[in-house]
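Here's the structure, in structure tokens; my notes come after.
The values are calculated or read from the model by the stated rules, or taken from the named source; none is laboratory data. From a predicted model like this one, the values you see are computed outputs, not experimental measurements. No Cβ is skipped: glycine too gets one built from the backbone with ideal geometry, and neighbour counts run over all protein chains shown. The area values use the complete protein model at the heavy-atom level, side chains included, leaving out ligands, DNA and RNA. Shrake-Rupley method; radii C 1.70, N 1.55, O 1.52, S 1.80 Å.
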Amino acid sequence: MRLSNYFLPVLKENPAEAQIVSHRLMLRAGMVRQSSAGIYSWLPLGLRVLNKIADIVRQEQALAGALEMLMPTLQPAEIWRESGRYDDYGKEMLRITDRHDRDLLYGPTNEELITQIFRDSVRSYKELPRNLYHIQWKFRDEIRPRFGVMRGREFLMKDGYSFDIDEANARRAYQKIFVSYLRSFKRMGLQAIPVAADTGPIGGDLSHEFIILAETGESEVFCHADVLAQPVPEADYAADLTPVIDGYTQYYARSDEMHDAAKFEAEVPADKRLTARGIEVGHIFYFGTKYSNAMKALVAGPDGKDVPVHMGSYGIGVSRLVGGIIEACHDDEGIVWPWAVAPFHIGLINLKPGDEATDALCEQLYQNLTNHNLDVLYDDRDERAGAKFSTMDLIGLPWQAVVGPRGAKAGEVEIKNRVTGEKQTVALEAAMKILSQPPA
Ligand code: ATP
Ligand code: MG
């Protein structure tokens, strides 16, 4: 992508409305613009990151056997009346009446709609297990939308739903998603801590929130430090996953909502007690037959008798993750993207557009890198060098490649590692090699 053809409205000044660093940097780097409280437009640079995060989620969900579909944002009120949640949900739900006076709502989540689809389509245990998910915009009329995309009113969520014949099978479905979430967050450069979460009136031990540590997070985490030392699991979904899950859940790990100070002190030695702030990036839940009972989602079991299907639901805050990753990955100059979610891998800076040798070397690098499937943002604009450098630092691409007239004559490129700040001057061929790998 040539910057001269791109839309990258960076801001020099810190926007006054932004209280946390990710919000500030997303506005300054031209990733998003607020349209009204908690509702954002995603500009080209921001959308690239959002899509990369969604693609990691897609790949890991596919490995875990979940199938992607797409449900609408608007839902009929009737199914929410069937489940009993239409009145319970309160003011967070955005309610709409259409021209025929029918009640609709902008979906805050999709248990009802997926249960309706399932009950109308599946009759027998032979068609189980199934795990269906989509990545779709949600609306919750949050009382205090804040921190940019972290607590929006309209936000992008991956939400998945599992269907099983009984609790034992539903537990397996839950374990698979537990593993897939650990893997997904790791690939985004994040370490997520699974913490025991409130299961509500149904009870049981099967709800976890996934929290990444960040000072600006809205949750508080209390855990045994060894949770952080657990290995990221393999995607071996045919294996028994219980040991992996036990590896994580053997330790005390809770957020403020579930915290029990006496238990924490009794179970965790003083030198291992970790108390920190964090951001909830995922939440998984086994809720048994709550919706299948209410909405009559029954399947015929092996004995021919109808039984309500056992369900779980699994959410990832895709748009919140963009902010969450920035909270974890930035410095004084700007964002420092992990390779896997970087909007571009390389920022190529032409220090003297119009200089024949410089243009030629830049073009060659740009073409070669692009042909190797690398995403390159080529700053070919007629701008001051200082402005180009600070823009590249601000938008945080993992590598910068700088070409000026002197280097171009010698066939050399200066490469900067955005993570360490380290610079080296190398010939074209060596540059190609270095730039096609994530910086160390
Ligand atoms: P929170 O406690 O942060 O309000 P929640 O528990 O209501 O979140 P869930 O229903 O568990 O949210 O939704 C699944 C995921 O969607 C959350 O883990 C979070 O990452 C994301 N999410 C929820 N609410 C918002 C929001 N207002 N803005 C952005 N992301 C959100
Ligand atoms: Mg939650």
**Message:** Which count do you get for residues in the stretch 218-246 that are out of contact with any Gly (no Cβ under 8 Å at 6 or more places or on another chain) and not in a loop (DSSP other than H, G, I, E, B)?
**Reply:** 13
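Among the residues of the stretch 259-272, is there at least one that is over 25 Å from PRO231 (Cβ atoms) and within 16 Å of ligand 2 (Cβ to nearest atom)? Spell out how you get there, then give the answer.
Residues of the stretch 259-272 that are over 25 Å from PRO231 (Cβ atoms), as a first pass: 259-263, 265-266, 270.
Next, from what is left, pick out any that are within 16 Å of ligand 2 (Cβ to nearest atom): 259.
Checked against the condition, which is being over 25 Å from PRO231 (Cβ atoms) and within 16 Å of ligand 2 (Cβ to nearest atom), the stretch 259-272 yields at least one hit.
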**Prompt:** So is GLU92 within 16 Å of ligand 1 (Cβ to nearest atom), surrounded by fewer than 16 Cβ atoms within 10 Å (Cβ to Cβ) and within 29 Å of SER180 (Cβ to Cβ) or not?
**Reply:** yes
**Message:** Condition check: touching a Ser or Thr at 6+ places or on another chain (Cβ under 8 Å), farther than 13 Å from VAL149 by Cβ, open to solvent by 50 Å² or more (accessible area, probe 1.4 Å) and of a type outside the set (Lys, Arg). Does LEU74 satisfy that?
**Reply:** no
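In the stretch 264-324, which strands (runs of 3 or more DSSP E) lie fully inside it and hold 3 or more residues that are out of contact with any Asp or Glu (no Cβ under 6 Å at 6 or more places or on another chain) and open to solvent by 10 Å² or more (accessible area, probe 1.4 Å)? It would help to see each step written out before you state the result.
Numbers: elements: 273-288, 298-300, 306-308, 310-317.
Qualifying strands (runs of 3 or more DSSP E): 273-288, 306-308.
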**Request:** Report, by residue number, each residue of the stretch 97-121 that is in contact (Cβ under 8 Å) with a residue 12 or more places away in the chain and more than 29 Å from the chain's Cα centre (by Cα).
**Result:** ARG102, ASP103, ARG119
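Every residue, every condition in (1) out of contact with any Asp or Glu (no Cβ under 8 Å at 6 or more places or on another chain); (2) open to solvent by 40 Å² or more (accessible area, probe 1.4 Å), yes or no:
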| position | (1), (2) |
| --- | --- |
| GLY354 | no, yes |
| LEU361 | yes, no |
| GLU383 | yes, yes |
| THR391 | no, no |
| TRP399 | yes, no |
**Prompt:** All but one of (1) touching a Leu at 6+ places or on another chain (Cβ under 7 Å); (2) open to solvent by 30 Å² or more (accessible area, probe 1.4 Å); (3) in contact (Cβ under 8 Å) with a residue 24 or more places away in the chain; (4) over 30 Å from THR97 (Cβ atoms) hold for GLU68; which doesn't?
**Reply:** (1)
**Prompt:** For the stretch 104-160, which residues satisfy the criterion of being basic (Lys, Arg), more than 10 Å from ligand 1 (Cβ to nearest atom) and in contact with a helix residue (DSSP H, G or I) (Cβ under 8 Å, 6 or more places away or on another chain)?
**Reply:** ARG119, ARG130
**Request:** Please determine, by comparing only the residues of the stretch 259-291 that are hydrophobic (A, V, I, L, M, F, W, C) and under 29 Å from LEU113 (Cβ atoms), which one is nearest to ligand 1 (Cβ to nearest atom).
**Result:** VAL281
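Considering only the stretch 159-199, how many residues are under 29 Å from TYR125 (Cα atoms) and away from ligand 2 (no atom under 16 Å from the Cβ)? Don't jump to the end; show me each part of the working.
In the first step, residues of the stretch 159-199 are kept if they are under 29 Å from TYR125 (Cα atoms); the result is 159-181, 199.
With away from ligand 2 (no atom under 16 Å from the Cβ) added as a condition, the list becomes 162-173, 175-176, 179-180.
Matching residues across the stretch 159-199 total 16.
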**Complete:** Exception for GLU82 within (1) farther than 19 Å from SER313 by Cα; (2) open to solvent by 40 Å² or more (accessible area, probe 1.4 Å) falls at (1)
